[in-house]
Amino acid sequence: MSDASLRAPAETAVRQCMNLGSEESCAVVTDDERQAIGAALYAVASEVTDDATVVRYPPGDQHGAEPPEPVAAAMAGADVVLAPTTKSLSHTQARTDANDGGARVATLPGITDGVFLMGLDADYDSIATESERLHDQVAGAETVRVTTDLGTDITFEPGDREWQLDTGIVHEPGQMSNLPAGEIFLSPEDAHGRFVVDGTMMPHGKLDDGQTLEFEVEDGYVTDISDDAVQADVEEAAGAVGDDAYNLAELGIGSNLAVEDLVGSVLLDEKAAGTVHIAIGDDHGIGGDTHAPIHLDGIITKPTVYADGEEVELPRTE
């Protein structure tokens, strides 16, 4: 894919999503496998400000692995950070420290040229409006229940933790978003029940028609996993952090109406309007208190969501 074809989504990211100013500094953090996207973002950023730079490093071993210290330092020293990387920097201390220092950060974990083009071909002001509409329906609810015809029936208790919006509009100091964006999400204090993933989940990518992954949850921890590959990934993480690897980390609801079909990219598919995603593992960067070297999202299609017993009106593309 030519660098020129990445120009339009880079413009959306730098100008609309990040609102980079001419007097601000911008660090584009990328790796050896995402150079084209990094270069496209840098090209646009360098037209806006004279204080733009690219920092490149070898891809990390896993999502959530801390970047090298010079990369972390570049993130902490910038006003705006854009991070198109193979492995996610979202759930890292480097990202948290950059936000705590006032940087506006957008991570693009696992981004590909195709996902960059598709996911950023959207009006992020409209996505923000849709996300806020969803947020108004669930904010303050003591319980949130998700069901599907495939057998999902799980109840989440937010406790004192608040819903967060990932709108793609990152204009205030300390804000963070994924790009592509479009979801509201929560790290619940407790959860119990069963969820059945039928959309996308690593290490599989997009699941085949009729394929499902089933999970049992008790007292906020996943107690049973039907799939050997997912189980192996969680067990590997548990070798480092014990039961924290089984933490029920996140409930998210997609709000990006531009994402009409799942493509096998968790980054994009979890934003699809009308879907729900549930994650296992680390939640310290999204309002929880669990540190783990894993954050596995599973996307669930055609859910019904209830907030304190009232059905939530989900966004739909059809």
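Things worth noting here:
- Check on Val54, touching a Gly at 6+ places or on another chain (Cβ under 9 Å) and either in contact (Cβ under 8 Å) with a residue 40 or more places away in the chain or in the same structural domain as Asp269 (by TED's automatic domain parsing) (or both): no
- Selection status of Val48, modelled with pLDDT of 95 or more, of a type in the set (Val, Ile, Thr) and either farther than 22 Å from Asp123 by Cα or touching a strand residue (DSSP E or B) at 6+ places or on another chain (Cβ under 7 Å) (or both): no
- A count restricted to segment 68-86 and to residues that are surrounded by 24 or more Cβ atoms within 10 Å (Cβ to Cβ) and not hydrophobic (A, V, I, L, M, F, W, C) stands at 2.
- Selection from segment 197-234 of residues that are at positive phi and without any contact (Cβ under 8 Å) to a residue 12 or more places away in the chain: Gly210
- 3 or more residues over 23 Å from Ala272 (Cβ atoms): qualifying helices (runs of 4 or more DSSP H) within segment 53-144: 69-76, 93-100
- Here the condition is being modelled with pLDDT of 95 or more and either closer than 15 Å to Ile154 by Cβ or surrounded by fewer than 13 Cβ atoms within 10 Å (Cβ to Cβ) (or both); of Asp228, Asp244, it holds for Asp228 alone.
Matching residues to (1) modelled with pLDDT of 90 or more; (2) under 25 Å from Gly264 (Cβ atoms); (3) of a type in the set (Val, Ile, Thr):
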site: Gly60; (1), (2), (3): no, yes, no
site: Ala103; (1), (2), (3): yes, no, no
site: Leu108; (1), (2), (3): yes, yes, no
site: Asp149; (1), (2), (3): yes, yes, no
site: His171; (1), (2), (3): yes, no, no
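- Qualifying residues in segment 87-105 (those that are of a type in the set (S, T, N, Q) and closer than 17 Å to Gly168 by Cα) - the one surrounded by the fewest Cβ atoms within 10 Å (Cβ to Cβ): Asn99
- Evaluated against (1) closer than 19 Å to Arg194 by Cα; (2) touching a helix residue (DSSP H, G or I) at 6+ places or on another chain (Cβ under 8 Å), Ala279 falls short on exactly one condition, (2).
- Residues within segment 187-200 that are in contact with a helix residue (DSSP H, G or I) (Cβ under 7 Å, 6 or more places away or on another chain) and either assigned to a strand (DSSP E or B) or surrounded by fewer than 17 Cβ atoms within 10 Å (Cβ to Cβ) (or both), tallied: 1
- All positions within segment 113-158 that are buried (at least 22 other Cβ atoms within 10 Å of the Cβ) and not hydrophobic (A, V, I, L, M, F, W, C): Gly119, Tyr124, Ser131, Thr152, Pro158
- For segment 76-90, the criterion of a residue being within 18 Å of the chain's Cα centre (by Cα), without any contact (Cβ under 8 Å) to a residue 60 or more places away in the chain and either assigned by TED's automatic domain parsing to the domain that holds Asp269 or more than 14 Å from Leu179 (Cβ to Cβ) (or both) is satisfied by at least one position.
- Some residue of segment 253-273 being surrounded by fewer than 20 Cβ atoms within 10 Å (Cβ to Cβ), of a type in the set (D, E, K, R) and under 27 Å from Ala128 (Cβ atoms): yes
The values are calculated or read from the model by the stated rules, or taken from the named source; none is laboratory data. This is a predicted model, so every value here is computed, not measured. Using ideal geometry, Cβ is built from the backbone for each residue, glycine included, and neighbour counts are taken over all protein chains shown.
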